[in-house]
Structure formats: C-alpha cells, structure tokens
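The values are calculated or read from the model by the stated rules, or taken from the named source; none is laboratory data. Computed from a predicted model, the values in this text were never measured in an experiment. Positions of Cβ are generated from backbone atoms using ideal geometry, with glycine treated the same way; all protein chains shown enter the neighbour counts. Only protein heavy atoms, including side chains, enter the accessible area calculation; ligands, DNA and RNA are left aside. Shrake-Rupley method; radii C 1.70, N 1.55, O 1.52, S 1.80 Å.
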Amino acid sequence: MGEPEQAPASARNSPIADPLYAEDRLEPGLIARFRATLGPWLFSMPEGAAPLGAHWCLFAPLAATAELGPDGHPPRLHAIPKADFPRRMWVGGALDLATPFPLDTPVSRTTTLRPPQEKAGASGGFLLAGFDQHYSAAGQLLGTERQDIVYRPVSDGLSPPAPTSGPIPPADLRLEIATPPALLVRYSALTFNAHLIHVSDHHAVQVEGHEGLLVHGPLQATLLLNLAAQALGTAPRHFRYRSVQPLVAGRGLIATATRSADGIHCAVHDGSGRQTMVATASR
C-alpha cells in the first residue's frame, strides 16, 4: 500500500481539497471483499466492529492514472525529488487503537508529515520519512498511527539480501499460508495500490532489484495484527511492526506469535525460515 496521495490535479485548486484530511467508510462491499481475500486468517471481532487491518483499505489514493509514476505510485506529499530518490516503500509503523473501527460509519483521517531523515543501510543511503495519522468517527477518537516510509536512490542497486534462513523458533501460535500472485493482486485491488513491485515481475526484478514479486508490508502486518489478537483473546491496543527484509511471493509465509510477560511477540518468515517482519502487540 502506498503513502497518502496528493489530491488529483483537477481538484488541487478547490478550497476543500486537502491531501492531509480524508473521509471514508468501511462499507459492506469493501468488508465483503476483505473477508473474501483474508477471511480464514482474521480474528473474530464483536458485532459492528470492522476486521482488524481493514482500515488500511480506506482512504484509497485517487490520483488519476496519468498522474501515477513509473513505479505505479501517486504523487508525493514529501518534498523529496524523484530524480534523487525515485523508490519508496512503506516499511513499518505503530498502531494504537482506542476502540475498534466501526462498520459502515463515516471515518475521518488527519495526517501530519514527518520530515525525512538521512539514514545508512546495507544497500546504501536512504531517507526515512513518514506520516502520523489520527482516525475518528462521530467525534470519537478511534486511534492513532505512525507510518514509516523509505525513499531510496536508484544507484543503491537493492541487491538481494544475504539469506538468514534457519529453523523458526517455537511459538504459541503458528500460521502458514501460500502467497500466490492472485493474493497480491486481490490485496492491491483492496487498497487501490498500483505499486508494480506487487504485480510486475519485470519491474520488481529488473527495475528495483528484488528477487521476485513482493508481498505487501501492510498485508503481512494485517496477518500479524490478527494473529496477535488471537493470542491475546482481544484486539491489541498497541501494535508495533517493522519490515526486516522483503518477502518474495510464492515462497510461503509463516506467521508466529509468542506470549510473554510484556505482550505478544510476532514475526513473519518465508518458507526457508528467513525473517521478513517483526511485531509486538499488547492490550
């Protein structure tokens, strides 16, 4: 899923067009499609409450197709030049829920930009930026969220990371699912996400230097959020997650949750045991 988008060019001069404010609702059709895509792995929420992670399908980027970049992303909010940092990816965040998102009820989101910071990684320098989100409905705060976005230069190569596979540690809960391209296409459709790393082998491998199509970060986070709820017996109040390395589609996905004194520790591995995402959750 991409970052919050700018308003379409046709609307940017409107006094009510504000890319940092949006309204949407978890309407029945969207929830039905969400359940059809992820139903077997969703925690059972109370009546009237949306499935955990469904809010990441709200506020879809509405940029016109002609405004999308060569990677499929809509225009940026951060003033980061594409020529220097053409690649971007959602790599983690934090979700604090005050109450579950309601079904078929107007939800508003306000966004604050977090300025980019220069970082150094194994594949070269990059910029770490992001967004702070506030969600509310009927005047009530639903929760807050931090989303972390990485911007990378084209020259970093993004060579495949060294495998760190091995036995997956024992866990209280373990979930194994396949990650075929059809799952990626459906999740991209749910989130109106056109990022080509999820749908184009050529772009993922030849342009961005990955090992194949990549499983969405928010999709992995959704599975961990629901698994953590199963381990807790209720929706987590606090959820923190971070991508460790890309998860290549078709290599399997193994999600685990382990209870501890301070909450739930979760992870995603591929079929070889390579860890791709870690998370913590608590009441």
Listed residues P116, P70, P40, P81; which is part of a strand (DSSP E or B), open to solvent by 40 Å² or more (accessible area, probe 1.4 Å) and within 29 Å of S200 (Cβ to Cβ)? P116
Please specify each residue of the range 193-219 satisfying the condition of being part of a helix (DSSP H, G or I), modelled with pLDDT under 95 and among the small types (G, A, S). A204
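Inside the range 224-283, counting only strands (runs of 3 or more DSSP E) that do not spill past its ends, which hold 1 or more residues that are on the phi > 0 side of the Ramachandran plot?
On the way: elements: 238-243, 253-260, 263-269, 275-282.
Of the strands (runs of 3 or more DSSP E) lying wholly inside the range 224-283, those with at least 1 residues that are on the phi > 0 side of the Ramachandran plot span 263-269.
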With respect to the numbered conditions (1) modelled with pLDDT of 50 or more; (2) open to solvent by 40 Å² or more (accessible area, probe 1.4 Å), which one is the sole condition not fulfilled by N13? (1)
Residue under question is V278, and the condition is that it be in contact (Cβ under 8 Å) with a residue 24 or more places away in the chain, touching a Lys or Arg at 6+ places or on another chain (Cβ under 6 Å) and not polar (S, T, N, Q); does it hold? yes
(1) open to solvent by less than 30 Å² (accessible area, probe 1.4 Å); (2) at positive phi: which one isn't true of A94, the others all being true? (2)
Would you confirm whether or not the range 41-59 contains a residue that is at negative phi, modelled with pLDDT under 95 and out of contact with any Leu (no Cβ under 8 Å at 6 or more places or on another chain)? no
